[in-house]
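Worksheet: the structure to be examined is printed underneath.
The values are calculated or read from the model by the stated rules, or taken from the named source; none is laboratory data. Given the structure is predicted, the values throughout are model-derived calculations rather than measurements. Cβ placement follows ideal geometry from the backbone for every residue including glycine, while neighbour counts extend to all protein chains displayed.
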Amino acid sequence: MCGIAGYIGARNAIDVVYDQLKRLEYRGYDSAGIAYLDGGEIGIMKRAGKLTELGKLVGGRPDGVTMAIGHSRWATHGGPTDTNAHPHYDRFEQIAIIHNGIIENYLELKMDLARAGHEFRSETDTEVAAHVIGAEYAKGVSLEEAVRHGVRQLRGAYALVVMSKREPGKVVAVRNASPLVLGLGAGENMLASDIPALLPYTREIVVLEEDTIAIMTAETLRLTDGDGRELPVKVEHIDWDVAAAEKGGYEHFMRKEIHEQPQVMRQVLAGRIDEDFGIRLERMFSDFVWHEIDRVNIIACGTAYHAGLMGKHLFESALRLPTDCYYSSEFRYGDPVLSPRSLAIFISQSGETADSLAALRLCKEKRIRTLGIVNVVGSSIARECDRTLYTQAGPEISVASTKAYTAQVMTLTLLALYIAQVKEMPGVRVQAIAKEMQGLSERAKAVLELEPEIVKLAEQVRGAPLFFFMGRGADAYVALEGALKLKEIAYIPTVECPAGEMKHGPLALVHEGVMAVFGASESSVRDKIVSNMREIQARGGTVLAITTEDDGIVDRVANVTVKIPNGDFDYLDALLSIIPMQMLAYHVARLNGCEIDMPRNLAKSVTVE
Ligand code: AGP
């Protein structure tokens, strides 16, 4: 994911920003650049490749530069080239801009601007944003006014930083879903996409809130809302060391990423649901005829496969669209029967999983339409699919996938709602579900507040020899993911199956001390789940139920009940129930002294067969 850096003050700003970019290298990138003010003009130095390529230019930097902004880029729109690297000028080279995220409506804006005579050097959405803001700035308003008016035209998830040659010594920044933090020093101020880039210079940090605009000079920092109303500046003192900073102060990336899920839920939806709760994916699918699609094949591995099963459940139950879900390794060697009118969806966090990539190439040979649902921008699967919906979850470092799963399921849900919207399916309450999706972030925060309860439970059950994970409907699919988390980081054996399947074999494994985790968010089958719980208890097993706050029967039977805030759609309640399971796996592993972020035998991206 991209990195953002910026500095204003007495030090040489180019040296500081270059150092900041080096501290953000762990996020991954494929080009980098710096814009700086020198002699009343904005200079830009940028190069594709690793930071050392840019370093060759930095070596010849001018002295006395007091303001600079810098960026390390993961290619999204346009390949990793010098021209596509950030920063970008506006039409008249009055401003320079750097950007994290994706501007969903950049093509529409670019066509409008081109008709007005704008010419573009790069293929990026960022340069379009620069021209949009530059066009506002050309009206003679202040830089912050130009940013305020400009971003109202942008749709998507972004963090933008802008400097101008007309207003030296001032930087303006704004964010919508992509993170941005500001650092306050003595006679100097700075900013970055992540705290590690700031710590060598200051520990006084301001986290930029959603849709807030920062106007920063070497001596001052002002914050305003989208209408220019001043907002309070809340400074936090950060006492982490740099290693901890890369983990956001958490002990492990996994726990950081579990706790990032409320923000990720916002990022997934940013720019994709409009004010009337309509789904905005038309740019992605403008030439797509959904009526032609007679079947969907979802192909993935591991956690992504589990997300795919949730997609299957939704596509079939809501859209009545026949959907199969395949393990990539089975699909590529299984000689599957593929309808020429089918759509193949490839889900992958890394976008580099060998089996999924091979399955994708098999589909392309057979001229099957392909769609990627991928997290790492510019990855192989993302590039080779006909089109890709990015999950926008941000970098996921821990081998055990958590926030990427949530983002994958939400992206699949968005896609299902979009299909229902395009096909005008009366039975699908698109706006109601979209509205509920927008509320998931707050509900996820409430679920995360149950963590102390989960820690106590982990202390009680961490010695259990075997865990069952079960549910019915969507809960049965979430159970698979909950089981995988415990297996892969706590190395505890698990049995995962639909609750109704227990009696057909797995029940033989139940004995005193076995723990059974039930997802019980599907209200229509709760009485069946309660019977399954009793079957476990009758054989000495202990039952942990994850249900919803409005449920009054499960907690009368389960040994332990975790209640999550419920909504109007069981499917989204089921998705939220993965968070207690993620936390349970994490704390059992932590208490058992397991290596959390890099579990034995596993890799973050399985790029070999
Ligand atoms: C899940 O926690 C594991 N990291 C693994 O199962 C992973 O989901 C699988 O290897 C697929 O990876 P991908 O999403 O990058 O394709």
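Looking only at region 348-361, decide whether some residue is surrounded by fewer than 24 Cβ atoms within 10 Å (Cβ to Cβ) and either without any contact (Cβ under 8 Å) to a residue 12 or more places away in the chain or more than 13 Å from the ligand (Cβ to nearest atom) (or both).
Yes: region 348-361 contains one or more residues that are surrounded by fewer than 24 Cβ atoms within 10 Å (Cβ to Cβ) and either without any contact (Cβ under 8 Å) to a residue 12 or more places away in the chain or more than 13 Å from the ligand (Cβ to nearest atom) (or both).
Condition test on R387, is it among the basic types (K, R), more than 18 Å from L602 (Cβ to Cβ), more than 11 Å from the ligand (Cβ to nearest atom) and at pLDDT below 95?
It is true that R387 is among the basic types (K, R), more than 18 Å from L602 (Cβ to Cβ), more than 11 Å from the ligand (Cβ to nearest atom) and at pLDDT below 95.
From (1) farther than 29 Å from I205 by Cα; (2) surrounded by fewer than 24 Cβ atoms within 10 Å (Cβ to Cβ); (3) in contact with a helix residue (DSSP H, G or I) (Cβ under 8 Å, 6 or more places away or on another chain), pick out the condition that doesn't hold for V132.
All conditions pass for V132, except number (2).
Quick one: would you say E396 is within 15 Å of the chain's Cα centre (by Cα) and over 23 Å from E282 (Cα atoms)?
When the stated conditions are applied, E396 passes them.
Give region 1-47 a look and list any residue that's crowded, with 24+ Cβ neighbours inside 10 Å, modelled with pLDDT of 95 or more and small (G, A, S), or say none.
Listed by number, the residues that qualify are A5, G6, A13, A32, G33, A35.
Provide a single number: the residues in region 583-609 that are surrounded by 14 or more Cβ atoms within 10 Å (Cβ to Cβ), among the small types (G, A, S) and within 12 Å of the ligand (Cβ to nearest atom).
Taking region 583-609 and keeping what is surrounded by 14 or more Cβ atoms within 10 Å (Cβ to Cβ), we get 583-592, 594, 596-599, 604-606.
Applying the additional criterion that residues be among the small types (G, A, S) yields 585, 589, 605.
Among the residues that remain, those that are also within 12 Å of the ligand (Cβ to nearest atom) are: 585, 605.
Count: 2.
The rows are residues; the columns are (1) of a type in the set (A, V, I, L, M); (2) touching a helix residue (DSSP H, G or I) at 6+ places or on another chain (Cβ under 9 Å); (3) assigned to a helix (DSSP H, G or I).
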residue: K22; (1), (2), (3): no, yes, yes
residue: K56; (1), (2), (3): no, no, yes
residue: G60; (1), (2), (3): no, no, no
residue: D63; (1), (2), (3): no, no, no
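From the list A186, A245, A218, which residue is surrounded by fewer than 16 Cβ atoms within 10 Å (Cβ to Cβ) and aliphatic (A, V, I, L, M)? Explain how you work it out, then say what you get.
Numbers: A245 fails: surrounded by fewer than 16 Cβ atoms within 10 Å (Cβ to Cβ); A218 fails: surrounded by fewer than 16 Cβ atoms within 10 Å (Cβ to Cβ).
Within the list A186, A245, A218, the selection yields A186.
Have a look at R369, R320, R341 and point out the one that is at positive phi and either within 14 Å of the ligand (Cβ to nearest atom) or over 21 Å from the mean Cα position of the chain (by Cα) (or both).
Exactly one of R369, R320, R341 is at positive phi and either within 14 Å of the ligand (Cβ to nearest atom) or over 21 Å from the mean Cα position of the chain (by Cα) (or both), namely R320.
So, K487, is that one within 32 Å of the chain's Cα centre (by Cα), in a helix (DSSP H, G or I) and either under 22 Å from Q408 (Cβ atoms) or more than 16 Å from the ligand (Cβ to nearest atom) (or both) or not?
Yes, satisfied.
Within region 425-475, track down each residue that is part of a helix (DSSP H, G or I), of a type in the set (D, E, K, R) and farther than 30 Å from G513 by Cβ.
K435, E436, E442, R443, K445
Could you give me the residue pairs with C-beta distances under 7 Å whose first residue belongs to region 522-550 and is over 19 Å from K503 (Cα atoms), whose second residue is of a type in the set (G, A, S) and in a helix (DSSP H, G or I) wherever it lies, and which are 6+ apart or on separate chains?
Pairs that qualify, where the first residue is over 19 Å from K503 (Cα atoms) and the partner is of a type in the set (G, A, S) and in a helix (DSSP H, G or I), are E522/A474; E522/A574.
Check Y36 against each of (1) more than 24 Å from the chain's Cα centre (by Cα); (2) not hydrophobic (A, V, I, L, M, F, W, C); (3) not in a strand (DSSP E or B) and name the one condition it does not meet.
Among (1) more than 24 Å from the chain's Cα centre (by Cα); (2) not hydrophobic (A, V, I, L, M, F, W, C); (3) not in a strand (DSSP E or B), Y36 violates only (3).
Looking only at region 455-484, count how many residues are under 18 Å from E257 (Cα atoms) and either away from the ligand (no atom under 16 Å from the Cβ) or modelled with pLDDT under 95 (or both).
Residues flagged as under 18 Å from E257 (Cα atoms) and either away from the ligand (no atom under 16 Å from the Cβ) or modelled with pLDDT under 95 (or both) within region 455-484 amount to 1.
Could you check region 166-217 for strands (runs of 3 or more DSSP E) lying wholly inside it with 2 or more residues that are free of Cβ contacts under 8 Å to residues at least 60 places away in the same chain?
171-176, 181-184, 204-207
Can you name the condition, by its number, that P322 falls short on among (1) surrounded by 17 or more Cβ atoms within 10 Å (Cβ to Cβ); (2) farther than 25 Å from V376 by Cα?
Result: P322 passes all but (1).
Out of the residues in region 323-338 that are touching a residue at least 12 places away in the same chain (Cβ under 8 Å) and either among the aromatic types (F, W, Y) or touching a helix residue (DSSP H, G or I) at 6+ places or on another chain (Cβ under 6 Å) (or both), state the one that is nearest to the ligand (Cβ to nearest atom).
Out of the qualifying residues, it is S328.
Okay, residues lined up against (1) within 13 Å of the ligand (Cβ to nearest atom); (2) touching a Leu at 6+ places or on another chain (Cβ under 7 Å):
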| position | (1), (2) |
| --- | --- |
| V374 | yes, no |
| A404 | yes, no |
| V409 | yes, yes |
| P426 | no, no |
| A434 | no, yes |
| L440 | no, yes |
| V447 | no, yes |
| L450 | no, no |
| E453 | no, no |
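Is there a residue in region 499-511 that is within 16 Å of the ligand (Cβ to nearest atom), under 18 Å from Y571 (Cα atoms) and assigned to a helix (DSSP H, G or I)?
no
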